[in-house]
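To keep things clear, I will list the structure first and then write my remarks on it.
The values are calculated or read from the model by the stated rules, or taken from the named source; none is laboratory data. This one's a predicted model, so the numbers in the text were calculated from it and none came from an experiment. Positions of Cβ are backbone-derived with ideal geometry, glycine not excepted, and every protein chain shown enters the neighbour counts. Accessible surface is based on the protein model in full, side chains and every heavy atom, while ligands, DNA and RNA are left aside. Shrake-Rupley method; radii C 1.70, N 1.55, O 1.52, S 1.80 Å.
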Amino acid sequence: MSAKVCENTSTDDLDVKKTRAEENKGFLYAVLSALFYTVSLASLRGLTNYPDVSSDWSIAVKELTTVFCVAPFILIQFCRGKFRFPTWKVLFLITFAGVACQLVGARNHLVAYAALGLALATPLIQAVQLIVTSLFGALWLKERVTKSRLCALVLLIIAVWLLSGGNVSLDATIAGKPIRIGLGLFCVFLTALGYATQLSVTRKLLGAPKTTPEEEARSGRANEYLPTSLNMVAITGVGAVICGVCLTFERGTAAWFAPPAPCWGFVLTAGVANMIGFYFQTESLRRLFVLKQTMIANAQTITLTLAGLLFFHEKFTWTIAVGAILVAVGVAVAGMEHDNKSATETESDSGRA
């Protein structure tokens, strides 16, 4: 009897080790995703020297880069009989996630920037997205919210403000305009809601990471078939259609080819980096809970700050140094906590209790 128990315990420990190896891989993918998204955003920042270029054009071309690169791969795999499409339910949900990300998230992101300014809108969006994602993870996906994760969440929210230079004051052009401020704050919330919805729906479709049988049953593991390539094409394709229609409606078809050559260079570079970052983001979501993935991906704030210091000659302050340290600590805390325990660790915890 005891030999059988030891055998089951050893099997459980082996399963946990395999799961933890996948978690570690997910951590690496989340960090790589943040790095490539930084390259994408830094490239798009080069468009600030071309104020006449439509933001709809930049988003549409950036997203079309992924569609044109990945869609042929899907077609080839399908013709060779190595690709099958998921159910209509999954296709509907991933399209819904794309609309949430692009129409609710990306479009309102631009309005928030215009209403509140970049310095104030950016930390607000990041902080609210962390909070909304944690709520979605706990209430809808039934993810565990532990003390260490709450600690990491608070650290990251404080770090976001510090990395923005502690800029909690309103710009002189905004002060005294309550309607504009209210519109900006509402768009901040919608932006965070859109991005959190896209991540949570994708996490739900990919299925919850395996923990204990009770937690797996409580989380409602989806077990749906969703290829990474199809997820990428669906989300970016929705964005290309939405922004492309807006661009054509507002400026006509000639606006697609109006921007000068340097703008194409910036946007295509951003598109390729965004495509790679999106791939790593999806693969990390296959292995991590959505809140954990979002917190780790917040390492992007450090790389964005470094890009601003090195390439855009932004001023270095003590708040940036402290904020970068807090981000590193918060990401480390989020990454070190495992979502499951081995039988040996469970017995050890029970003994301490």
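Tabulated data for the structure shown
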quantity	calculated
Cross-chain or 6+ apart pairs with Cβ under 7 Å, region 71-97 first and open to solvent by 60 Å² or more (accessible area, probe 1.4 Å), then part of a helix (DSSP H, G or I)	PHE73/SER229; THR95/ALA234; THR95/VAL238; PHE96/VAL201
Selection count where residues are assigned to a helix (DSSP H, G or I), open to solvent by less than 60 Å² (accessible area, probe 1.4 Å) and farther than 22 Å from LEU135 by Cα, scope region 244-282	18
ARG107, sole failed condition from (1) charged (D, E, K, R); (2) open to solvent by 70 Å² or more (accessible area, probe 1.4 Å); (3) in a helix (DSSP H, G or I); (4) under 24 Å from ALA297 (Cα atoms)	(2)
Residue within region 38-50 that is more than 16 Å from GLY265 (Cα to Cα), part of a helix (DSSP H, G or I) and open to solvent by 40 Å² or more (accessible area, probe 1.4 Å) present	no
Among the residues listed as VAL53, VAL67, the single one being outside any helix (DSSP H, G or I) and buried (at least 17 other Cβ atoms within 10 Å of the Cβ)	VAL53
Region 116-158, subset part of a loop (DSSP other than H, G, I, E, B) and open to solvent by 70 Å² or more (accessible area, probe 1.4 Å), residue nearest to VAL327 (Cα to Cα)	ARG144
Unmet criterion (only one of (1) closer than 14 Å to GLY271 by Cβ; (2) in contact with a Gly (Cβ under 7 Å, 6 or more places away or on another chain); (3) open to solvent by 30 Å² or more (accessible area, probe 1.4 Å)) for LYS62	(3)
Top-ranked residue in region 298-315 [being of a type in the set (A, V, I, L, M, F, W, C) and surrounded by fewer than 24 Cβ atoms within 10 Å (Cβ to Cβ); ranked as modelled with the lowest pLDDT]	PHE312
Condition met for ARG149 (closer than 26 Å to LEU268 by Cβ and in contact (Cβ under 8 Å) with a residue 40 or more places away in the chain)	no
